[in-house]
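Student: Below you'll find the structure I mean.
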Amino acid sequence: MKIAGFTIVRNAVKYDYPIVEAITSVLPLCDEFIVAVGSGEDNTLDLIQAINSPKIIIIHTIWDDTLREGGRVLAVETDKAFQAVSPDVDWCFYIQADEVVHEKYYDTIRQAMAKYKDDMAVDGLLFHYTHFYGSYDYVGESWNWYRREIRIVRNKKSIFSYRDAQGFRKEPNKKLSVKLIDAYIYHYGWVRDPRAMQHKQRAFSSLYHDDKWVDEHVAKAAEFDYSQIDSLALFLDTHPSVMAKRINEKNWRFDFDVSKKNYSLKERIKRLVGFRIGEYKNYKIV
């Protein structure tokens, strides 16, 4: 069984993405790892090269910044990385630049890939998600956060990145049939210095909207306001070992009253009935 990892990245230094941690958290599971490095404004390429692993294959890309509708450029770039995977690979592990896998899940992931390797009814593996917010001590608790997504797919080129690269589909435009496994992706997209977070928000929004929309809807502030969140819970487990250095170097403070539950009316209704009405599911669990 041969495994490839793949990801895309641009301006990781400028916007403080934990891309090194993302890659190195998946690398032990992989025989090769494709990194599509987009032409940017910082030394992201140097950062990737410094990982210094013979498994890493870097491809150089240029993002089409006119593809703003729905974050389409992210899917286009993800497909470039996926297409570069060697043809003899069985499974492809996609990781985004702000996602990390805890080493405690390695055995579970390996066993699932081996178990379903020859079951062609299974297109991919579905992961649970833990979303960190504000600091490394808090996780999103409301039902607004997406709770599952596909991160391992077969090496079939009929599979493609969907919408803004959150998930995948297969031609002509069908949802993948997947197995849900008992493993989590740790999402750190909402944890960074408030100044870097504010810069990242404006840049990320520009991948989805025109300049006019960004100016009207993204605050022109020096720092991101983390306090505007409906509900959080304390994180009482351990972080992936690759995150230790980044966590130790954290240089800002964020505190939140976890007893505060500012749920929307829609979420209060969902919790009352005990069902995530209208939950986005870009997959079929088999």
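Every number here is computed from the coordinates shown, using simple stated rules; none is lab data. Please read all numbers here as calculations on a predicted model, not as lab measurements. So basically every Cβ, Gly included, is an ideal-geometry build from the backbone, and we count neighbours across all protein chains shown.
Student: Only counting other Cβ atoms within 10 Å, I'd like Leu236, Leu29 sorted with the fewest neighbours first.
Tutor: Numbers: Leu236 7, Leu29 20.
By the 10 Å Cβ count, ascending, the order reads Leu236, Leu29.
Student: Would you mind finding the longest exposed-site-free stretch of the chain, with exposed GluC sites (Glu not before Pro) meaning DSSP loop and at most 16 other Cβ atoms within 10 Å?
Tutor: My reading of the result: 42-222 is the longest stretch.
Student: Still on this structure, I have one more. Would you mind telling me which residue in Thr78, Thr44, Thr238 has the biggest mean-square fluctuation in a Gaussian network model of the chain, where springs connect alpha carbons within a distance under 10 angstrom?
Tutor: Looking only at Thr78, Thr44, Thr238, the biggest GNM fluctuation is shown by Thr238.
Student: If you don't mind, another one. Restricting to the chain, what percent of DSSP beta bridges are antiparallel, rounded to 5?
Tutor: Details: 22 of 48 bridges.
Counting only bridges with both partners in the chain, antiparallel ones make up about 45 percent.
Student: Let me ask you something else. Can you return the aspartates and glutamates within cross-link range of Lys212? Criterion is Cα-Cα under 20 Å, with same-chain partners fewer than 8 residues away left out.
Tutor: Answer for Lys212, where 20 Å is the Cα cut-off: Asp64, Asp65, Glu69, listed by chain and number.
Student: Related question: So which of Lys175/Lys281; Lys55/Lys117; Lys117/Lys156; Lys179/Lys284; Lys175/Lys270 end up more than 19 Å apart by C-alpha?
Tutor: Working: Lys175/Lys281 9 Å; Lys55/Lys117 22 Å; Lys117/Lys156 13 Å; Lys179/Lys284 8 Å; Lys175/Lys270 25 Å.
As for pairs spanning more than 19 Å Cα to Cα, those are Lys55/Lys117; Lys175/Lys270.
Student: From the Cα trace of the stretch 15-62, what convex hull volume per residue do you get, rounded to a whole Å³?
Tutor: Measuring per residue, one finds 67 Å³ for the Cα hull of the stretch 15-62.
Student: Determine the shape class of the stretch 149-202: with a ≥ b ≥ c the square roots of the Cα gyration tensor eigenvalues, call it rounded for a/c under 1.5, and otherwise prolate if a/b is greater than b/c, oblate otherwise.
Tutor: Numbers: a/c = 3.91, a/b = 1.89, b/c = 2.07.
Cα axes put the stretch 149-202 in the oblate bin.
Student: Turning to a different aspect of this structure: Treat the count of other C-beta atoms within 10 Å as a stand-in for reagent exposure and order Trp143, Trp213 from fewest to most.
Tutor: On the way: Trp143 19, Trp213 13.
If I rank by nearby Cβ atoms, fewest first, I get Trp213, Trp143.
Student: Go ahead and collect, in residue order, the members of the stretch 162-179 whose backbone nitrogen is under 15 Å from a label point 7 Å along the Cα-Cβ direction of Asp119.
Tutor: Backbone N within reach: 177-179.
Student: Right, another one. Are there any helices in the chain, counted as whole DSSP H runs, that stretch 18 Å or more along their axis by Cα and score at least -1.0 on average by Kyte-Doolittle, and if so which? All intermediate terms of the calculation are to be shown ahead of the outcome.
Tutor: On the way: long enough: none.
The answer is none, since no helix passes both cut-offs.
Student: GNM, the chain, Cα, under 10 Å: largest mean-square fluctuation among Ala183, Ala203, Ala97?
Tutor: Residue with maximal mean-square fluctuation among Ala183, Ala203, Ala97: Ala203.
Student: Then there is this: What's the percent breakdown of Cα-Cα distances in the chain across 5 Å bins, shortest bin first?
Tutor: Going out from 0 Å in 5 Å bins, the chain shows 1, 5, 11, 16, 19, 18, 15, 10, 4, 1, 0 percent.
Student: On to the next question. Quick one: Ser25, Ser205, Ser158, Ser53, fewest Cβ neighbours within 10 Å first, how do they rank?
Tutor: Values: Ser25 25, Ser205 17, Ser158 11, Ser53 14.
Lowest count first: Ser158, Ser53, Ser205, Ser25.
Student: List the relative contact order of the stretch 61-189 as a percent without decimals, with contacts defined as Cα pairs under 8 Å and 6+ residues apart.
Tutor: Numbers: 194 pairs, mean separation 47.4, N = 129.
The normalised contact order for the stretch 61-189 reaches 37 percent.
Student: Any idea how far apart Ile51 and Met1 come out in nm if each label point goes 7 Å out from Cα toward Cβ?
Tutor: It is 2.1 nm.
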